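The values are calculated or read from the model by the stated rules, or taken from the named source; none is laboratory data. Note that the structure is predicted; figures quoted are calculated from it, not measured. Positions of Cβ are generated from backbone atoms using ideal geometry, with glycine treated the same way; all protein chains shown enter the neighbour counts.
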Amino acid sequence: MQARVVRIGLNTALLVSTIVFCLVLIEIGIRIFFPSYDPSGQVQLFGLSDGTVVGRPGAVLRQSKNTGDYDVHVRFNAFGFRDDKLLTAATDRDLFVVGDSFPFGWGVEVQDRFSDKLQSILSRPVFNIAIPGLDFDGYSRLLRYAETHGTIIKNLIISVTMENDLGVYDDSETPASPPPTPRRSPLQLQLSMIKAYFTGHSALYVAATHAVHKTGWLRSIAAQLGLLIPNLDGIPDPVGSTDVLTTSAARVLQLAKGRNTIVLICPSRELWVGKETYRAEAARIHETFIDSLRRSGIVVVDLRDRFERDGKPLSYHFANDGHWNKEGHRLAAEALAEVLQP
């Protein structure tokens, strides 16, 4: 009996070792022969000692989506920003754009971002110091980081993402609380974390997810099992308490203080999808926040009307990603130009 148990244990260990060995070989093979699936070349950010987050200085990376929505190049300059201009070349007459993944140009080539299109329209330098994943406190650090390198920022465009920038801010630069949370179960959130890890570390996983997204019946099964969250199901819930709206507006005013500032509003997709109650709440938050800024003397460029003009507001976003496609960036550039050209 004991010998049988040992034999079963050895066979199991051999089987597991063989599977692991084969998976490692496949992983290496995919990285060598199909480098487009290699996650090591994807965009990576890192934090400085003061909490400022930037890209890897001088790096040339890729940004791709396993659904095939985009596959673009991202080049960081010597200061860790996605801009071919260096901070040391800026003057106090130049424009600066700060914000998160929207002004960063998530999923679009650099020349298709609204900041670069605006620069072409105005024939005037527009510096882009946006970094994905930040909130208003992160934007404050980016401005301070740029200014410590000798840059004088007098003309500023603050990009506000209504889906995730608003929160309760205090006087210290701590992350806003409570953050908006997607309507997902704990299991779905756990799966998202696991998927995010493998997306950043496994070429085999990236290749497999590409195959799933491109195969209708596999995609359907994955969605039914909860392994795949449809794009519009992952929109954060609207968070619009008095504290959220008041402290968020106050933080924007702090960023704008002493500068010629325009606030660009990136509308939440919650305005156009989901339950009527969520849409109504998103609309209330949208209008209340903008009204608060305008009453404080801030120039606001609200893209909601432009996105809704043709009745297809979601057409300016990627089909499987919440960020703007190049048409969305074009509209943002044109809206800003109308304010800045006179």
Checklist entry - Cβ-Cβ below 7 Å, separation at least six or inter-chain, first residue in the stretch 162-178 and closer than 25 Å to Gly322 by Cα and exposed (fewer than 11 other Cβ atoms within 10 Å of the Cβ), second among the β-branched types (Val, Ile, Thr) and modelled with pLDDT of 60 or more: which pairs? => result none
Next on the checklist: I'm trying to understand the selection: among the residues of the stretch 101-147, which are among the charged types (D, E, K, R) and surrounded by fewer than 23 Cβ atoms within 10 Å (Cβ to Cβ)?
Outcome noted: Glu109, Asp112, Asp116, Lys117, Arg124, Asp135, Asp137, Arg141, Arg144, Glu147
Item to check | Members of the stretch 15-47 that are at pLDDT below 80 and part of a loop (DSSP other than H, G, I, E, B) | outcome: Phe34, Asp38
Checklist entry - Conditions: (1) buried (at least 17 other Cβ atoms within 10 Å of the Cβ); (2) in contact with a Gly (Cβ under 7 Å, 6 or more places away or on another chain). Arg284 meets all but one. Number of the miss? => result (1)
Checklist outcome for this item: Within the stretch 79-117, the residues that are among the polar types (S, T, N, Q) and more than 16 Å from Pro132 (Cβ to Cβ) are Thr88, Thr91, Gln111
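Which of the residues belonging to the stretch 63-88 are in a strand (DSSP E or B) and either surrounded by fewer than 17 Cβ atoms within 10 Å (Cβ to Cβ) or small (Gly, Ala, Ser) (or both)?
Ser64, Asp71, His73, Arg75 - these are the residues of the stretch 63-88 that are in a strand (DSSP E or B) and either surrounded by fewer than 17 Cβ atoms within 10 Å (Cβ to Cβ) or small (Gly, Ala, Ser) (or both).
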Next on the checklist: Within the stretch 16-23, does at least one residue satisfy the condition of being in contact (Cβ under 8 Å) with a residue 60 or more places away in the chain and not assigned by TED's automatic domain parsing to the domain that holds Ile129?
Outcome noted: yes
